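Following: one structure in structure tokens, then a few remarks.
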Ligand code: ATP
Ligand code: MG
């Protein structure tokens, strides 16, 4: 390719809407252009990168025994009603009617379609395991499309699905996929971690997310410094902590006028904040209705809303406002407590049950209880579980090691779905005994565009992108510094043609831009090797190699350039 013919314009300025570096650099280097919020065109260089990532994915999926197919993006409402997700997916699902009034959605994921497809094709255990995948656009009307390709509304995803005869077979495929994902992200040059994860709207029993470590990541994760434990904060646990034990006192109601916050009350009463029993009221939404619930955690803990949402089995939960709390309990937010709270389900964090002589709202304006011993004083209907966030003071649940906290961007996720979709959509096979059984499923996603953006997030400097070799749009750029000099041009053209013959991915900057502009563009776009043809080439037949990754400069005899490139790209 010649730069003079390339459909690529670079920009000097950061686009105003770009909040993170990958968004800015992908636009500035001319890889992507925005059409609408969260909707992008991939220009030739960007499309080459995406295809390279897709091809790495393809190679590893095939290696793991998956076959590629392509399914429709337009999907009928009925399928989604059958799986129960027409409602659950909420506003993220992009819905429309055809001219006959029939309802459809644009696919955010393909469990419904593939399960229906496979159920009509398979008969017996001999057809299993069956592993299929596709690489295709997905559609999600995200509340806040942002960060360029990281959270867009139309995005390229690899989605794979396995159909297994039992748990054991699923576990095997899951492990193979886990390994394939590790190879894919390693080959893409990413610094990543696989963490235990919540399975979200997709559902299922067990799940891991592949997280690229980045300060700008939307997810919080924790991992142990000493062993392989790592988890998304939504799922993280810790070694059980021993809180101070004392002799149980009697429970008393005390006046705490205007003392509403945990700090105010703990200071006023004179107890530490971890003995405060923080009671919050949440609104849980279900298909067609809502209800209020109360959650109690220690005053030094934060509620983990995902753990709570899973326990209450709701589609969504959010904090109730003061008016809703007043209506339901006749008490304002600061004085809520579980004792005497009759009409509302109460969830109590397991650490609360160890509290001796704590304090909590007395369900009466301006009053708190002190000397509260939850095992003795809380209503028996309380549902006990782990509902709090892990934090810096906690230790690893596996080995008691120190925990690290980082942010990450999820680039892929693997789920054990079990029979969730095969039962709802009735996907069965005949086992060896001739009995009908529902298939056991797994599903495996990778955001191809998000992987590209995550790579830029990790690999850049003040000049621009530094593509890892495996996914760079081209490997080598040849820059003749002065296109008015016939000799320089001839040498550059000759080297370009030789590299093409050798199947090296090369681009020649044959434009009449100033050398400085050419260098800046090459660095911004991030080609791994830059070869400069200039006066040194004329004088002593050497060329300048500049290695983008480490800034190294090498003086290479012209006739040794091909061998040198090959050894660098190895
Ligand atoms: P998130 O939690 O970030 O919204 P998700 O867990 O809903 O993502 P999955 O359903 O697991 O996403 O989709 C598989 C992969 O698709 C994700 O790991 C991610 O890489 C990618 N992906 C999901 N949503 C988006 C999006 N809005 N834009 C770009 N890529 C996305
Ligand atoms: Mg996910």
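Quick one: which residue in 420, 398, 428 is more than 28 Å from residue 248 (Cα to Cα), surrounded by 19 or more Cβ atoms within 10 Å (Cβ to Cβ) and in contact (Cβ under 8 Å) with a residue 60 or more places away in the chain?
420
From the list 11, 35, pick out the single residue that is touching a helix residue (DSSP H, G or I) at 6+ places or on another chain (Cβ under 8 Å), surrounded by fewer than 17 Cβ atoms within 10 Å (Cβ to Cβ) and over 18 Å from residue 508 (Cα atoms).
Within the list 11, 35, the selection yields 11.
Take the range 144-156 and flag every residue that is closer than 16 Å to residue 219 by Cα, out of contact with any strand residue (DSSP E or B) (no Cβ under 6 Å at 6 or more places or on another chain) and more than 16 Å from ligand 2 (Cβ to nearest atom).
Scanning the range 144-156 gives 144, 146.
Search the range 396-427 for residues being within 16 Å of ligand 1 (Cβ to nearest atom) and not in a strand (DSSP E or B), and hand back the single one that is farthest from residue 157 (Cα to Cα).
Among those residues, the one meeting the criterion is 420.
Assigned by TED's automatic domain parsing to the domain that holds residue 439 and either surrounded by 17 or more Cβ atoms within 10 Å (Cβ to Cβ) or touching a helix residue (DSSP H, G or I) at 6+ places or on another chain (Cβ under 6 Å) (or both): does that describe residue 103?
Judged against the criteria, residue 103 is a match.
Looking at (1) under 34 Å from the mean Cα position of the chain (by Cα); (2) surrounded by fewer than 15 Cβ atoms within 10 Å (Cβ to Cβ); (3) under 23 Å from residue 365 (Cα atoms), which is the one condition that is false for residue 263?
Checking residue 263 against (1) under 34 Å from the mean Cα position of the chain (by Cα); (2) surrounded by fewer than 15 Cβ atoms within 10 Å (Cβ to Cβ); (3) under 23 Å from residue 365 (Cα atoms), the one that fails is (1).
Quick one: in the range 540-570, of everything that is part of a helix (DSSP H, G or I) and within 34 Å of the chain's Cα centre (by Cα), which residue is nearest to residue 473 (Cα to Cα)?
569
So residue 54 ticks every box in (1) under 23 Å from residue 112 (Cα atoms); (2) within 16 Å of ligand 1 (Cβ to nearest atom); (3) in contact with a strand residue (DSSP E or B) (Cβ under 6 Å, 6 or more places away or on another chain) but one. Which box is left unticked?
(1)
Return the total of residues in the range 428-453 being in contact with a strand residue (DSSP E or B) (Cβ under 7 Å, 6 or more places away or on another chain) and either farther than 19 Å from residue 155 by Cβ or not assigned by TED's automatic domain parsing to the domain that holds residue 170 (or both).
Result for the range 428-453: 11.
I need the strands (runs of 3 or more DSSP E) fully contained in the range 428-539, keeping only those with at least 1 residues that are under 24 Å from residue 148 (Cα atoms).
440-447
Given the range 183-267, what strands (runs of 3 or more DSSP E) lie entirely inside it while holding 2 or more residues that are within 21 Å of residue 392 (Cβ to Cβ)?
Passing ranges, in order: 192-196, 206-213, 219-224, 230-232.
Which of the residues that make up the range 157-179 are part of a strand (DSSP E or B) and either farther than 30 Å from residue 95 by Cα or away from ligand 2 (no atom under 16 Å from the Cβ) (or both)?
Hits for the range 157-179 are 162, 163, 164.
Would you mind telling me which numbered condition in (1) in contact with a strand residue (DSSP E or B) (Cβ under 7 Å, 6 or more places away or on another chain); (2) free of Cβ contacts under 8 Å to residues at least 60 places away in the same chain; (3) within 28 Å of residue 517 (Cβ to Cβ) residue 15 fails?
(1)
So which helices (runs of 4 or more DSSP H) stay within the range 304-378 end to end and still have 1 or more residues that are at pLDDT 90 or above and over 30 Å from residue 287 (Cβ atoms)?
Ranges flagged: 374-377.
Give just the number: which of (1) more than 14 Å from ligand 1 (Cβ to nearest atom); (2) modelled with pLDDT of 95 or more; (3) surrounded by fewer than 19 Cβ atoms within 10 Å (Cβ to Cβ) does residue 215 not satisfy?
Unmet for residue 215, out of (1) more than 14 Å from ligand 1 (Cβ to nearest atom); (2) modelled with pLDDT of 95 or more; (3) surrounded by fewer than 19 Cβ atoms within 10 Å (Cβ to Cβ): (2).
The values are calculated or read from the model by the stated rules, or taken from the named source; none is laboratory data. Every value quoted in this text rests on a predicted model; they were computed, and no experiment measured them. Cβ sites come from the backbone with ideal geometry, for glycine too, and all protein chains shown count toward neighbours.
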